[in-house]
Structures are given as structure tokens and as C-alpha cells.
Amino acid sequence: RGSGAFFCHRCGAKGSWYDLKQRMGDLRNGIVRSFGDDMQQPSAARETAPLPDQRQARAEQELLRDGQFPRSLEFLTDERGLDVQTMELYGIGAGRHSFFADGVWTEEECISFPWISGDGSGTIVRLKHRALSSKAKTRLSPKGGQWGLFGLHTVPPDADYVVVTEGEFDAMAVHQMTGFPAVSLPNGARSLPVEILPQLERFRKIFLWMDDDLAGTDCYVFPAL
């Protein structure tokens, strides 16, 4: 933990701190932003962070809804068991995006997960694109954008509790099966950027619904007996 290296237990990605920031799109003009800067001025970071093209982001929602990406729709309904109402509620879409790996760029069919503001404005603050072929091919758009919680816009204004999962599919499945308000962390169980903490402060109870693996169980803190 003190080596400055990272290792993702979900997709197997690993590398230096610089590699991680580059992979997550948090390099601005070649400069690595420190956690210290984010922690000292989270509101300033939100004000200056770029937003995705709203029209293009909503177009991807329509492309999935209109059946122009049947493989993605089949994956979501048949393999993940999601119904159309849940997908529309969370605003997921589909599109084609490029990924750089092994020295070459490849275009992949992707599922798009929007981070929609919870203030009722409907603003998409950032998008997460995950290739249908491999979850290791994931990118955030735009680069240097602000952090958010997937599904926050679905939580009723008067809700005093929320379920927090480590993945987007988990959040949608929890809500679909239980009716509970459910959101997803940005990038797995170990991703809790300081910018999203104020978004959770209004809840009296927060239920953690993590995977039964090392990364998931590390999220739970048990009191000493």
C-alpha cells in the first residue's frame, strides 16, 4: 500500500500511480492531480471539471433503446437479467468507443453508464464506458471530469437510506429486485473519491452491498469485541 503501485482485483490491471491516473482520465495537461488538492478544494474541482456533451450522451441512451446495439441489449437482458424499465430508469446507453492497448487503438461496442446529478437537473456529469468484450476495457469521459455515483438521480428526495454497491449492474439488480434506492461506486469497492462524500451525507443509513471477495469484504469494518 505504500509502494505507489496499484492492482485492480476486478480486471487485473496494474501499474504505477501515474498509470492509474492516466487510465482514469485524471491527468490534466500532463500533470497528475494529488489527492491533497482534491481534498482541500472539492467544490472548486467540481466547478472547473468539464462535462460530457449532453446531446451525445443522451443519444447513446436512444441508440440502446431503439435496438441499434442488439448485442448489448441481449447481454443486459439475458445475461444480466435487467428489464427495460430498470435500464431506462438508470439511463444506460450503448455506443462505440476506442481503447488503446498493446500499442494499437481498437474500436469496441460499449455499454455507457451515466453519472447523473442528484439535484434534479438531469445533468450528466460524467460517463463510464465499458466494452462489451472485456470489463478490463473501461474508460471515463470526459478526461478530468468530476466524480459521481451511478444511479444517484434515481434516489427519491425524501429517502433517508441508500444501498451502495461496487458495480453498476449490482445497483440496477438490487433496485429491480427489492425496490430499494441503489447507487454504485465509481470504480469498484475501493473507489471512494472525496468528491462524492457530500452526496452521501443526507442519508441516515447506508447499506453496503459488496461482492463476496477480498476487495468487497475489505470494505466492512467490524467493531472489536
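The values are calculated or read from the model by the stated rules, or taken from the named source; none is laboratory data. Source: prediction; values computed, not measured. Every residue, glycine as well, gets a Cβ built from its backbone with ideal geometry; the counts of neighbours run over all protein chains shown. These area figures cover heavy atoms from the full protein model, side chains too; ligands, DNA and RNA do not enter into them. Shrake-Rupley method; radii C 1.70, N 1.55, O 1.52, S 1.80 Å.
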Report task. Output the residue which, of all residues in the stretch 150-167 that are surrounded by fewer than 21 Cβ atoms within 10 Å (Cβ to Cβ) and of a type in the set (D, E, K, R), is nearest to Asp119 (Cα to Cα). Result -> Asp158
**Report entry** Leading residue by the ranking (surrounded by the fewest Cβ atoms within 10 Å (Cβ to Cβ)) among those in the stretch 51-75 that are in contact (Cβ under 8 Å) with a residue 40 or more places away in the chain and polar (S, T, N, Q)
**Finding:** Gln54
Query raised in the report: Restricted to the stretch 92-124, and to residues that are in contact with a Gly (Cβ under 9 Å, 6 or more places away or on another chain) and buried (at least 21 other Cβ atoms within 10 Å of the Cβ), which residue is farthest from Pro186 (Cα to Cα)?
Result: Cys110
Query raised in the report: Of the residues that sit in the stretch 127-149 and are charged (D, E, K, R) and assigned to a strand (DSSP E or B), which one is most open to solvent (accessible area, probe 1.4 Å)?
Result: Arg139
Report task. Give the number of residues within the stretch 76-91 that are of a type outside the set (Phe, Trp, Tyr) and buried (at least 18 other Cβ atoms within 10 Å of the Cβ). Result -> 5
Report task. Select from the stretch 78-116 the residues that are modelled with pLDDT under 95 and hydroxyl-bearing (Ser, Thr, Tyr) and write down the one among them that is nearest to Glu195 (Cα to Cα). Result -> Ser98
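Sort out which residues of the stretch 172-195 are modelled with pLDDT under 95, among the aliphatic types (A, V, I, L, M) and surrounded by fewer than 19 Cβ atoms within 10 Å (Cβ to Cβ), and write them in order of number. Step through it out loud before you land on a result.
Initial filter on the stretch 172-195 (modelled with pLDDT under 95): 185-195.
Filter again for among the aliphatic types (A, V, I, L, M), leaving 185, 189, 192, 194.
The answer is Leu192, Val194.
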